[in-house]
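Contents: one structure, followed by commentary.
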Amino acid sequence: MALGKQSKTLSSKQIDAISTYLRNRRNGIRNNAIFLLSAKAGLRAKEIANLRWSMVVDSDGHLTDTISLTDSAAKGSSGRTIPMNKTVYAALDELLHIEQPIDGFTIQTSYVVRSERSTRTSPQVIVNMFQRWYRELGFIGCSSHSGRRTFITNAARKISLVGGSIRDVQAIAGHKHLQTTQRYIECDSESQRKVVDLV
């Protein structure tokens, strides 16, 4: 992925603005969950489209604190377990309460994201949704990959604070090669300036 072609990352203010914007529009609870699965869980568009409720609940049908993404739902064989951010948990919990009463819903087979006419949606539809949201908000250079890149960048910057390493970020991101994870990480010019002053 060439540097000039990478999607822009999102600031915390932009993340809050997008969530507020989505929640106040049609299908707001579903769409906010889609966005947070990207920005706060690092899921790809394909993974969001393929995510089933069985991957986020326990044997009793209650939400868990992890996303157990299977290989079949992920890109290639990048299935993985992702600790669930509390905002993602809240969004999925709210969405689950809406989905459960719908005819045909089953916790074992139903997809987290469905359209108004179908029991699921496609990765391309997810990509198009992100493009439309960012365009409407005037966020230039953002795409369906912006949330994932933001998640990986933020995780990389904070992982050392909890005793982890970039390898842990690689595992959460589902990258086969560490170099791929490193290419996702947005550089921080202010941090670069500060570290140079310390040398």
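Just the residues that are in contact with a strand residue (DSSP E or B) (Cβ under 8 Å, 6 or more places away or on another chain) and acidic (Asp, Glu), please, taken from the range 38-71.
47, 65
Residues being open to solvent by 10 Å² or more (accessible area, probe 1.4 Å) and either more than 17 Å from residue 147 (Cα to Cα) or over 9 Å from the mean Cα position of the chain (by Cα) (or both): count how many of those fall in the range 33-49.
1
Select from the range 50-67 the residues that are modelled with pLDDT of 95 or more, open to solvent by less than 60 Å² (accessible area, probe 1.4 Å) and not aliphatic (A, V, I, L, M) and write down the one among them that is farthest from residue 125 (Cα to Cα).
By that ranking, first place goes to 64.
If the Cβ limit is 6 Å and pairs must be 6+ apart or interchain, which residue in the range 120-138 that is within 12 Å of residue 38 (Cβ to Cβ) and charged (D, E, K, R) pairs with which residue that is open to solvent by less than 50 Å² (accessible area, probe 1.4 Å) and in a helix (DSSP H, G or I)?
none
Of 7, 19, which residue is surrounded by fewer than 24 Cβ atoms within 10 Å (Cβ to Cβ), among the polar types (S, T, N, Q) and modelled with pLDDT under 95?
Of the residues listed, the single one that is surrounded by fewer than 24 Cβ atoms within 10 Å (Cβ to Cβ), among the polar types (S, T, N, Q) and modelled with pLDDT under 95 is 7.
Only residues in the range 36-62 that are among the acidic types (Asp, Glu) count as the first member; pair them with residues that are in a loop (DSSP other than H, G, I, E, B), Cβ under 6 angstrom, at least 6 apart or cross-chain, and list the lot.
Pairs that qualify, where the first residue is among the acidic types (Asp, Glu) and the partner is in a loop (DSSP other than H, G, I, E, B), are 47/73; 47/74; 58/64.
For the condition at pLDDT 95 or above and out of contact with any strand residue (DSSP E or B) (no Cβ under 7 Å at 6 or more places or on another chain), what is the one hit in 124, 108?
Selected residue: 124, the only one of 124, 108 that is at pLDDT 95 or above and out of contact with any strand residue (DSSP E or B) (no Cβ under 7 Å at 6 or more places or on another chain).
Condition first: among the β-branched types (Val, Ile, Thr), farther than 18 Å from residue 130 by Cβ and surrounded by 11 or more Cβ atoms within 10 Å (Cβ to Cβ). Now tell me which residues in the range 148-163 satisfy that.
Residue satisfying the conditions is 159 alone.
All but one of (1) part of a loop (DSSP other than H, G, I, E, B); (2) over 24 Å from residue 24 (Cβ atoms) hold for residue 102; state the number of the condition that does not hold.
Answer for residue 102: the failing condition is (2).
Would you point out which residue out of 122, 110, 115, 72 is small (Gly, Ala, Ser) and open to solvent by 70 Å² or more (accessible area, probe 1.4 Å)?
Of the residues listed, the single one that is small (Gly, Ala, Ser) and open to solvent by 70 Å² or more (accessible area, probe 1.4 Å) is 72.
Any residue at all in the range 6-18 that is more than 29 Å from residue 180 (Cα to Cα) and free of Cβ contacts under 8 Å to residues at least 12 places away in the same chain?
No.
How many residues, within the range 73-98, are farther than 22 Å from residue 18 by Cβ and part of a helix (DSSP H, G or I)?
1
Tally the residues that are at pLDDT 90 or above and farther than 20 Å from residue 37 by Cβ, restricting the search to the range 167-199.
Of the residues in the range 167-199, 1 are at pLDDT 90 or above and farther than 20 Å from residue 37 by Cβ.
For the range 125-147, give me each residue that is surrounded by fewer than 19 Cβ atoms within 10 Å (Cβ to Cβ) and within 20 Å of residue 184 (Cα to Cα).
Result: 127, 131, 139, 140, 141, 143.
I'm told residue 20 meets every condition in (1) out of contact with any strand residue (DSSP E or B) (no Cβ under 7 Å at 6 or more places or on another chain); (2) farther than 19 Å from residue 143 by Cα except one. Can you identify the failing condition by its number?
Residue 20 satisfies every listed condition except (2).
The values are calculated or read from the model by the stated rules, or taken from the named source; none is laboratory data. These numbers come from a predicted model, not from an experiment. Neighbour counts are summed over all protein chains in view; Cβ atoms, including those assigned to glycine, are modelled from backbone coordinates with ideal geometry. Just the protein is used for accessible areas: all its heavy atoms, side chains included, with ligands, DNA and RNA removed. Shrake-Rupley method; radii C 1.70, N 1.55, O 1.52, S 1.80 Å.
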